[in-house]
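Novice: Take this structure first; my questions come after.
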Amino acid sequence: MYLLEVRDLTKHFGGIRAIEEVRFRVKEGSIMSIIGPNGAGKTTLFNCLTGITRPTKGAISFFDREITRLGRDSIVKLGVARTFQNIRLFKEMTVIENVMVSQHCRTQSGFLSAIIRSSSFRNEEKTIREKALEYLELVGLEAYSDTIAGSLPYGSQKRLEIARAIATEPRLILLDEPTAGMNPQETGEMMGLIKKLQELGKTIILIEHDMKVVMGISENIVVLDHGVKIAEGTPSEIKSNSMVIEAYLGKEH
Amino acid sequence: MKKAPIHRFADSPIHRFTHSPIFIALWLALLFLPFKGLEAAGVLFIVLFAAVSLLRVFKNYAGKIKGLLSSLKKFISGRIRIKLPESKTRSIALTLLMSVVVMALPFYGHDYLIDIAVLSGIYIILAQGLNIVVGFTGLLNLGFVAFYAIGAYSYALLNTKLGIGFWASLPLSVMLVTLSGFILAIPALRLKGDYLAIVTLGFGEIVRLVLNNWDSFTKGPNGIGGIEPPHIFGMQISRLGQFYYFIIIFVLLAVFIIRRVAASRIGRAWIAIREDEIASSSIGINTTAYKLYSFAFGAFWAGLAGVLFAAKMQFVSPESFTFMESVLILCMVILGGLGSIPGVILGAIILVMLPEMLREVQLYRMLALGSGLVMLMIFRPQGLMGGKGVSFRS
Ligand SMILES: Nc1ncnc2c1ncn2[C@@H]1O[C@H](COP(=O)(O)OP(=O)(O)OP(=O)(O)O)[C@@H](O)[C@H]1O
Ligand SMILES: [Mg+2]
């Protein structure tokens, strides 16, 4: 069963061909990596998948539903969550508030029940808080629940972004460079966290530059170069693909 | 430690000149010259020059002064050893004291003071409304006074033209204002930042101009008089003391309701939008809808304040709803602290009281007020009670 299907996805910014006719499919419960040199169009692909930019051409279906032209919030509601390459936390809110607000699309109290504090409102608030703590525990931030998010160290901010994504109760999680700027120990912990997410039944696509991470946890890899998909396969297939070595790994060897 | 200059010409002679006290004072004095004449401009120049120089010196020594104050505090508390009660009992005692002072005001205050207090109450409701839009949701609205005006005129017209009483007009007027909040929000929310500010500013001016020029309906600049004050159980609320308590009820209601909404998922969504709009839509918040709610909910309170204003004055005219009024309300919110409910109450009270207290020194009143605000922004940019993470928690 394929959870996500991307067909001929194309995105042009004026003259820049950020993505060109990219197609791939993602199996439910798998971990897929997207790799490629800087400017290859990886983040743009995520932006198309989450409704932040509208593709020029092509179609995206999620769970057999066309989501290409849906609004961002509807896409999240269907079960696609993401993190950002440049962290985008709600900096002035506390850590737990960041995770609480992320349950927005799974809750429904309105003005009236908030004003009269109806029992359904109080129950919902209680559940929101409990779940938030649970998600924080998952990423190892439960001790910082009342810290202002903006004052967390960099690595913790990245993990908080993941907690926020999980709080939307997604089926598919898109992680944009989750280990960027981390030391080897933090990277190892992040890999553990990603695997834990998979165990929880989530499907994961990650953009990653660290080859140890990519080769270590992904089942399938898509390689982009100048917006074009130049290869796709298992880690061992990608390692021996001459085009990939030339376009991407070649630079490092 | 010194911050790196943001501007690479920061150390150029031109920069140094344009930022020198003498230049700033001269420039402002010249701006005043056509309005106030040579003499006033001269006085202004001297006062400004002294003020700016002092401010510079003060800013340079701000750290030392703070250090001095804290060591003084340590010294005093070391000597005197007053046992301050636990912070919780202290805050309860403080609240109790404050409520007694507020509730007993008509018994010890003279009419002038009560009048100002009533006005403060109306402005508290207004500023709380704007705080929802600017403080929580981060949308700059420079035409907020339009909603205040629509509220006031709705009651004035319903009452004088159709003879509808206060209690029936109140929901009608407030509903109308909320609706106008939606109507403004729908086109305005496509815009961001400065553009939104300009559109709302335009909206404020349009409303005022319509009220001013539609003579046959609004009586234009002459305004509408003879508006009925509210009745409760057949008793007319027209004496100042009565109106004071009447207003207090509405202020409490506003604070109570806004607090609860702010501490719900709705309030959290607003703050998330203020913090990062893309991120908030990427966690599933329908940002357009929530900005719309914010505008309409803010407008709701402005409408209520407008109805109360019309009922209190028994007279409305376009003069009360100028752009300066929008700026004043915005200043209350910024002074108190964006997103802080108690802060905004304080901001509203201060900015209503202060000009009254400075009435003696007419000419320099606005100047003092302005320099006060400038000082505040230099030394406490988050406002009196904002900061520590502006987000709201119950
Ligand atoms: N909003 C935009 N407007 C114009 N051009 C854009 C926009 N977003 C991305 N681009 C361009 O599209 C191309 C792909 O950018 P993208 O950010 O997707 O690359 P990436 O693969 O994520 O790179 P990196 O590894 O550096 O994160 C780049 O040439 C970039 O300049
Ligand atoms: Mg990128």
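The values are calculated or read from the model by the stated rules, or taken from the named source; none is laboratory data. Quantities reported herein were computed from a predicted structural model and do not represent experimental measurements. Reconstructed Cβ throughout: ideal geometry from the backbone, glycine too, with neighbour counts over all protein chains shown. Surface areas here come from the heavy atoms of the whole protein model, side chains and all, with no ligands, DNA or RNA. Shrake-Rupley method; radii C 1.70, N 1.55, O 1.52, S 1.80 Å.
Novice: Which one is nearest to the other protein chains (Cβ to nearest Cβ), of the residues in region A:52-61 that are open to solvent by 10 Å² or more (accessible area, probe 1.4 Å) and away from ligand 2 (no atom under 16 Å from the Cβ)?
Specialist: A:Arg54
Per-residue answers, yes or no, for (1) within 16 Å of ligand 1 (Cβ to nearest atom); (2) under 21 Å from A:Arg25 (Cβ atoms):
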{"position": "A:Pro170", "(1), (2)": "no, yes"}
{"position": "A:Leu175", "(1), (2)": "yes, yes"}
{"position": "A:Leu193", "(1), (2)": "no, no"}
{"position": "A:Leu206", "(1), (2)": "yes, yes"}
{"position": "A:Glu219", "(1), (2)": "no, yes"}
{"position": "A:Gly233", "(1), (2)": "no, yes"}
{"position": "A:Lys239", "(1), (2)": "no, no"}
{"position": "A:Ile245", "(1), (2)": "no, no"}
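Novice: Assuming A:Asn47 fulfils every condition listed in (1) open to solvent by 10 Å² or more (accessible area, probe 1.4 Å); (2) more than 18 Å from the chain's Cα centre (by Cα); (3) within 22 Å of A:Ile162 (Cβ to Cβ) apart from one, which condition is it?
Specialist: In the conditions (1) open to solvent by 10 Å² or more (accessible area, probe 1.4 Å); (2) more than 18 Å from the chain's Cα centre (by Cα); (3) within 22 Å of A:Ile162 (Cβ to Cβ), A:Asn47 misses (2) alone.
Novice: Has region A:119-142 got at least one residue that is open to solvent by 50 Å² or more (accessible area, probe 1.4 Å) and within 16 Å of ligand 2 (Cβ to nearest atom)?
Specialist: no
Novice: Cβ-Cβ below 6 Å, separation at least six or inter-chain, first residue in region B:216-239 and outside any loop (DSSP other than H, G, I, E, B), second open to solvent by 70 Å² or more (accessible area, probe 1.4 Å): which pairs?
Specialist: B:Gly225/B:Phe315
Novice: For a quick check of your reading of the model, give me the residue pairs whose first member lies in region B:24-38 and is at pLDDT below 70, whose second is surrounded by fewer than 12 Cβ atoms within 10 Å (Cβ to Cβ), with beta-carbon atoms closer than 9 Å and at least 6 apart or on different chains.
Specialist: Pairs found: B:Lys36/B:Leu363.
Novice: Tell me, yes or no, whether region A:79-89 has at least one residue that is crowded, with 23+ Cβ neighbours inside 10 Å, away from ligand 2 (no atom under 16 Å from the Cβ) and either more than 8 Å from every other protein chain (Cβ to nearest Cβ) or hydroxyl-bearing (Ser, Thr, Tyr) (or both).
Specialist: Yes, because at least one residue in region A:79-89 is crowded, with 23+ Cβ neighbours inside 10 Å, away from ligand 2 (no atom under 16 Å from the Cβ) and either more than 8 Å from every other protein chain (Cβ to nearest Cβ) or hydroxyl-bearing (Ser, Thr, Tyr) (or both).
Novice: Go through region B:240-297 and report how many residues are at the interface with chain A (Cβ under 9 Å from one of its Cβ atoms), more than 17 Å from A:Gln108 (Cα to Cα) and free of Cβ contacts under 8 Å to residues at least 40 places away in the same chain.
Specialist: Number of matching residues: 6.
Novice: Within region B:373-394, track down each residue that is surrounded by 15 or more Cβ atoms within 10 Å (Cβ to Cβ), over 20 Å from B:Val261 (Cβ atoms) and at pLDDT 70 or above.
Specialist: B:Leu376, B:Gln382, B:Gly383, B:Leu384
Novice: List every residue pair whose Cβ atoms lie under 9 Å apart, where the two residues are 6 or more positions apart in sequence or sit on different chains, the first residue falls within region A:34-47 and is within 14 Å of chain B (Cβ to nearest Cβ) and more than 6 Å from ligand 1 (Cβ to nearest atom), and the second residue, located anywhere, is acidic (Asp, Glu) and not in a helix (DSSP H, G or I).
Specialist: Pairs that qualify, where the first residue is within 14 Å of chain B (Cβ to nearest Cβ) and more than 6 Å from ligand 1 (Cβ to nearest atom) and the partner is acidic (Asp, Glu) and not in a helix (DSSP H, G or I), are A:Phe46/A:Asp176.
Novice: For A:Lys158, only one of the following conditions fails: (1) at the interface with chain B (Cβ under 9 Å from one of its Cβ atoms); (2) buried (at least 22 other Cβ atoms within 10 Å of the Cβ). What is its number?
Specialist: Of the numbered conditions (1) at the interface with chain B (Cβ under 9 Å from one of its Cβ atoms); (2) buried (at least 22 other Cβ atoms within 10 Å of the Cβ), the odd one out for A:Lys158 is (1).
Novice: Sticking with this structure for a sec: Restricting attention to region B:104-124, report how many residues are farther than 19 Å from B:Pro355 by Cα and touching a residue at least 12 places away in the same chain (Cβ under 8 Å).
Specialist: So the count comes out to 2.
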